[in-house]
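Report on the following structure.
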Amino acid sequence: APTSTSFPHHCRSLAILLRCSPPRRRLRGGAARALDEQLLEAAPAETEVEEAPGSASDGGEEAEGDGVGMLVVEEEQRPPAKAFVKSRRQRMQEEEDAAAESDRFKLINGKEIFQEKAYLVGVECKRTGGNLFGIEESLKELEQLADTAGLVVVGTTYQKLSNPNPRTYIGSGKVSEIRSAIQALDVETVIFDDELSPGQLRNLEKSFGGNVRVCDRTALILDIFNQRAATHEAALQVTLAQMEYQLPRLTKLWTHLERQSGGQVKGMGEKQIEVDKRILRTQISALKKELESVRKHRKLYRNRRQSVPIPVISLVGYTNAGKSTLLNRLTGADVLAEDKLFATLDPTTRRVLMKNGTEFLLTDTVGFIQKLPTMLPVKDQSLILGQVAAFRATLEEIAESSVIVHLVDISHPLAQQQIDAVDKVLKELDIESIPKLIVWNKIDNTDEPLRVKEEAKKQGIICISAMNGDGLEEFCNAIQAKLKDSLVPIEAFVPYDKGDLLNDIHKVGMVEKTEYKENGTFVKAHVPLPLARLLTPLRQQVVAAL
Ligand SMILES: Nc1nc2c(ncn2[C@@H]2O[C@H](COP(=O)(O)OP(=O)(O)OP(=O)(O)O)[C@@H](O)[C@H]2O)c(=O)[nH]1
Ligand SMILES: [Mg+2]
């Protein structure tokens, strides 16, 4: 799988910036830390040399060095004898601490992640209605996201406000409450459930004290995307998204300079930010170009696939609904399915052959989630709903499919809210004309499967268990019926030397009538749109032949 090491030129300035604050890097979110390390590895060695002595970033290392230095000073102030004659208990304690520390490294998707202690914060705005999820539910989901990213949640809090505080998002009383919790629980990262402005982020970081990282849902989701990007395109998209997220927030890395001394250093810090922002902007535009070419390539590929006249069915649904499990069950594909959010980041397409001989392509897509990151400037790409670019491929696939299967984890306590969240996205996609099939999954996991099945029947919904295969035959029949809805009626005259096409019509369409003539076969059938397009010249020959 490609990592960011495959495009080091994009990472250089980030690496410079990240190197400026080593202690913070050590303490930042596990996932982000893994990224940082990749970036550092990817950074060309000469960046070290480039920095003039006494430059702003040198100052940065010094300033940050002080934080670490304090510990060293403490050691030195102890009487030397004591430093050597450590009690057994002391030694054992140290060994235990070291063991506990190394225990906190976990391997996620082949990347080593440091399990940081995280504290979650949410705000329920009285004025803004329309939130599908209640605050406690939303925080529970945030906890799952944190867990997916490899963090350990040690505490959670929320506040009801009529308006978020423009400076710190939460009220000042809450800020000090969280500060106490940070100290008591040894918190390393504070995660907010909503997107914070760069200013709020800075102010909160200042209030909480130097070593605590503050981030928001968006940054957390981007961390997860980064851990999970499996294809080159996904990796590019995630890097781009992370850079765009970083750009307005760059200044925070330099605040310690402003605090330490005024005058010259401050000025240099500011100059450095400008330089770094410029480098970052250049890299962002290079990355966009590269992404555009990858995307063109994929489009070409998809066009080619469309010339194979097999209908495409998109599997959509909330994250963790069981989409990948269903794809695997139907096709034996080896798609990563696990009890984590965003297990799938790239659309995967596989061919399914049903018992009755009908064939279709099934596409597994990125799961949806409420409160999607919105920070990307994508006005010029009409398809995207202001969402993170990693969803683009998914949305394109959905818009071009013959049938959409909306898979629901009906055993989830918030099933209805999740359905609404998915519908909200689908509604904005201009796909009303595509037949949709609603499927309730994880029926085996419900308390009263019979009652649920009855309810589903009333609503014309299919119940399945992707896990044990229950209901899959019914599912395939329903797909076939829906596919028929999406077929186009055609009449064509197929010459005998185009026998393949006749086979295709039989395979993916529904034939009503065939008549064998002298030069070829006359067919009347319903076929998928791509095949109908392919048959256009032969359809015009019908009149001539009869
Ligand atoms: N009990 C039960 N569990 C299931 C069923 N289908 C899927 N699961 C479990 O649900 C979890 C999520 O499944 P995935 O297939 O990864 O879900 P997904 O919709 O692809 O998730 P994302 O890729 O994150 O969007 C896994 O732990 C599956 O084993 C089912 O029918 N019954
Ligand atoms: Mg999946």
*asked:* Being modelled with pLDDT under 80 and more than 30 Å from the chain's Cα centre (by Cα) is the requirement here; does Ser261 meet it?
replied: yes
*asked:* Checking the structure you have, find out if any residue of region 297-312 is within 16 Å of ligand 1 (Cβ to nearest atom), modelled with pLDDT of 65 or more, farther than 26 Å from Glu141 by Cα and surrounded by 17 or more Cβ atoms within 10 Å (Cβ to Cβ).
replied: no
*Grab the helices (runs of 4 or more DSSP H) fully contained in region 417-522, keeping just those with 1 or more residues being of a type in the set (Lys, Arg) and touching an Asp or Glu at 6+ places or on another chain (Cβ under 9 Å).*
499-508
*Within region 206-217, is there a residue that is at pLDDT below 75 and surrounded by fewer than 23 Cβ atoms within 10 Å (Cβ to Cβ)?*
yes
*asked:* Looking at region 386-404, can you tell me whether even one residue there is part of a loop (DSSP other than H, G, I, E, B) and modelled with pLDDT of 80 or more?
replied: yes
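The values are calculated or read from the model by the stated rules, or taken from the named source; none is laboratory data. Quantities reported herein were computed from a predicted structural model and do not represent experimental measurements. Note: ideal-geometry Cβ built from the backbone for every residue, glycine included; neighbour counts use all protein chains shown.
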